[in-house]
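Let me begin by presenting the structure, written as structure tokens, before commenting on it.
The values are calculated or read from the model by the stated rules, or taken from the named source; none is laboratory data. Source: prediction; values computed, not measured. Using ideal geometry, Cβ is built from the backbone for each residue, glycine included, and neighbour counts are taken over all protein chains shown.
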Amino acid sequence: MSTMDDEKTLVSSKPHVMFISFPLQGHISPMVQFSKRLVSKGIKVTVVTTTSLDITNSNSINIEHILVDTTSQGKSSAEAIDEYLAVLETGITESLPEVIEKQTTEGWPVKFLIYDALMPYALEASQKVGVQGVAFCTHSSAVLAIYYHVYQRTLDFKSLEESSSVTLPSLPLLGVEDLPSYLNEMNPYTGLFTLCMKQFRGLEKAYGVMFNTFEELEGEVVNWLSSKWKIMTIGPSVPSMFLDKRLADDRDYGLSLFKPEGEACIKWLDEKDTDSVVYVSFGSLANLVQDQMDEIAWGLLNSECNFLWVVRDTEKSKLSEKFIEESADRGLIVNWCPQLEVLAHDAVGSFMTHCGWNSTLEALSLGVPMMVLPQWTDQTTNAKYIVDVWKTGVRVKAHDKESITREDITKSVKDVMEGTKREELKTNALKLKEMAIEAMSEGGSSDKNIDDFISEIVNPTTST
Ligand code: UDP
């Protein structure tokens, strides 16, 4: 046999797992990161995407594209979102079976599909061609538990008054404002609410549910969910060099839908004192209202701390010339940054965040105290956990995002950057950082769950 034939035999003998992700930065990153973990443990991986992706970090990941009409992608009106969700569902339902079967023809039959939990139709499509699926949640397990109560009607959010609290098994006492924003009566995004509920469609037919979290972080709720489905916590799904360091050179997710201004950020941070910088970012999607941008800007400036603020180009017009001029000495404003490198930098003392689940896990993994300014979706629930359960952050202002003042911003920066509050937050943050590293290290809770899943891929005990 020729060398090429040898290689083909070798590759074909590897079990093959396919991933399909919802086409958003915060969904693609943890799935691709997890796929790198599987590759490092001898699994062949194909990532199916509808977005044009350039995965730089691992040449060993195969990419397949499903083309869908992206005319309405990225638009924020409720109608455009609904239209896009429908197009996505049709495109994937029609094309995924073909993509899976193509792998068999090429000698790499797919053993499992790991699908974004928001895409139950991907499970239906893969089961049609005999491939079992695992749902992958890119939000916390607490958030899935809350959605489940709404789905089961054990939580009637419509009857809740503004000041009510809810008691749900395995969760802390939650105020209405701590629940994911789509549950709020005023939510205009009914399509997104439906999307969250759809996660449960046919979920009992999946092999199980994976979470980008770890047992030590969400043990109680993970236990509760385990009575309903097979639960696998496999996170934090963050590049290995920031955690267990077992994947050599794995310092970034390996893909970015935005272009980071890495060199400028690190050079600027290198010149700053230890713990002297507030890092500010609201993720890849949030659009802040003008008043809020103004108050954050002047609050940061008045705090007299250094700050590195990610303001995406589409948001830049909300910054005044006067602020840009006056903050030039102490502030760096960029379109996008390498967030993990920034959070890991000695100069960064705290993180003002919108509490997206990836940002939350990244800050926890790197032991950085937070100031929470949740905007929408699951961020409100993540903020509740950061402040009241894990105690690694402070609220800028209790549940009143529209009327945050510059004084609130300045006060929260001072609380997180100096004094006894900072000490308490930092101590808790460092404890969680150790736990996150432990979970991903050899024999840790997440590592063990990943190994158990690999055993299932190699020697399946269940069928579709
Ligand atoms: N991120 C980044 N650079 C930035 C801002 C964000 O690399 O300047 C990354 C961040 O590290 C995280 C992701 O973008 O992995 C944002 O995901 P998250 O779930 O926090 O929020 P979303 O963007 O989905 O609202």
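Could you tell me whether Ser359 is under 29 Å from Leu301 (Cα atoms), touching a helix residue (DSSP H, G or I) at 6+ places or on another chain (Cβ under 6 Å) and buried (at least 21 other Cβ atoms within 10 Å of the Cβ)? Criteria not met by Ser359. Scoring Pro338 on the criteria (1) within 27 Å of Glu177 (Cβ to Cβ); (2) within 16 Å of the chain's Cα centre (by Cα); (3) modelled with pLDDT of 95 or more; (4) not polar (S, T, N, Q) leaves a single failure, condition (1).
Scanning region 74-126 for residues that are crowded, with 18+ Cβ neighbours inside 10 Å and farther than 23 Å from Arg201 by Cα returns Gln103, Trp108.
Got at least one residue in region 341-352 being touching a residue at least 12 places away in the same chain (Cβ under 8 Å), under 28 Å from Leu118 (Cα atoms), more than 9 Å from the ligand (Cβ to nearest atom) and buried (at least 22 other Cβ atoms within 10 Å of the Cβ)? Yes, the conditions are met somewhere in region 341-352. Total residues in region 381-416 satisfying the condition of being assigned to a helix (DSSP H, G or I), among the hydroxyl-bearing types (Ser, Thr, Tyr) and at pLDDT 95 or above: the figure is 4.
Selection within region 287-331: residues that are within 12 Å of the ligand (Cβ to nearest atom) and among the hydrophobic types (A, V, I, L, M, F, W, C). The member of this set that is farthest from the chain's Cα centre (by Cα) is Leu308. Scanning region 98-145 for residues that are β-branched (Val, Ile, Thr) and part of a strand (DSSP E or B) returns Val110, Ile114, Val134.
Within region 268-284, is even one residue more than 21 Å from Asp415 (Cβ to Cβ), within 13 Å of the ligand (Cβ to nearest atom), crowded, with 16+ Cβ neighbours inside 10 Å and not hydrophobic (A, V, I, L, M, F, W, C)? Yes - at least one qualifying residue is present in region 268-284. Among residues of region 104-117 that are over 21 Å from Leu88 (Cβ atoms), those with a Cβ under 9 angstrom from a residue that is polar (S, T, N, Q) and assigned to a strand (DSSP E or B), sequence gap 6+ or separate chain, pair up as Trp108/Thr46; Trp108/Asn62; Lys111/Gln132; Phe112/Gln132.
Can you say whether Pro180 is over 23 Å from the mean Cα position of the chain (by Cα) and either of a type in the set (S, T, N, Q) or modelled with pLDDT of 80 or more (or both), as far as the supplied structure shows? The answer is no for Pro180.
Taking region 218-244 on its own, how many of its residues are touching a strand residue (DSSP E or B) at 6+ places or on another chain (Cβ under 8 Å) and surrounded by 19 or more Cβ atoms within 10 Å (Cβ to Cβ)? Final tally of qualifying residues: 8. Residue pairs whose Cβ atoms lie under 7 Å apart, separated by 6 or more positions or on different chains, with the first residue in region 443-461 and assigned to a helix (DSSP H, G or I) and the second surrounded by 17 or more Cβ atoms within 10 Å (Cβ to Cβ) and of a type in the set (D, E, K, R), are Ser445/Glu215; Ser445/Glu216; Ile450/Arg37; Ile457/Lys111. Taking each residue of region 422-437 that is acidic (Asp, Glu) and looking for partners that are at pLDDT 95 or above and surrounded by fewer than 19 Cβ atoms within 10 Å (Cβ to Cβ) with beta-carbon atoms closer than 9 Å, six or more apart or interchain, yields Glu424/Lys391.
For region 327-342, the set of residues classified as touching a Cys at 6+ places or on another chain (Cβ under 9 Å) and within 22 Å of Gly356 (Cβ to Cβ) consists of Leu332, Val334, Cys337, Pro338, Glu341, Val342, listed by residue number.
If you go through region 367-376 and keep only what is crowded, with 24+ Cβ neighbours inside 10 Å and within 13 Å of the ligand (Cβ to nearest atom), you end up with Val368, Met370, Val372, Leu373, Pro374.
In region 417-430 there is at least one residue matching the filter, namely being more than 18 Å from Ala344 (Cβ to Cβ) and either in a loop (DSSP other than H, G, I, E, B) or modelled with pLDDT under 95 (or both). Contact map, region 277-291: residues that are in contact (Cβ under 8 Å) with a residue 40 or more places away in the chain paired with residues that are in a loop (DSSP other than H, G, I, E, B) and away from the ligand (no atom under 12 Å from the Cβ), Cβ distance under 6 Å, separation 6+ or inter-chain. Pairs shown: Val277/Ala347; Val278/Cys305. Out of the residues in region 25-51 meeting the condition of being among the polar types (S, T, N, Q) and not in a helix (DSSP H, G or I), tell me which one is modelled with the lowest pLDDT. Looking at the filtered set, the residue picked out is Thr51.
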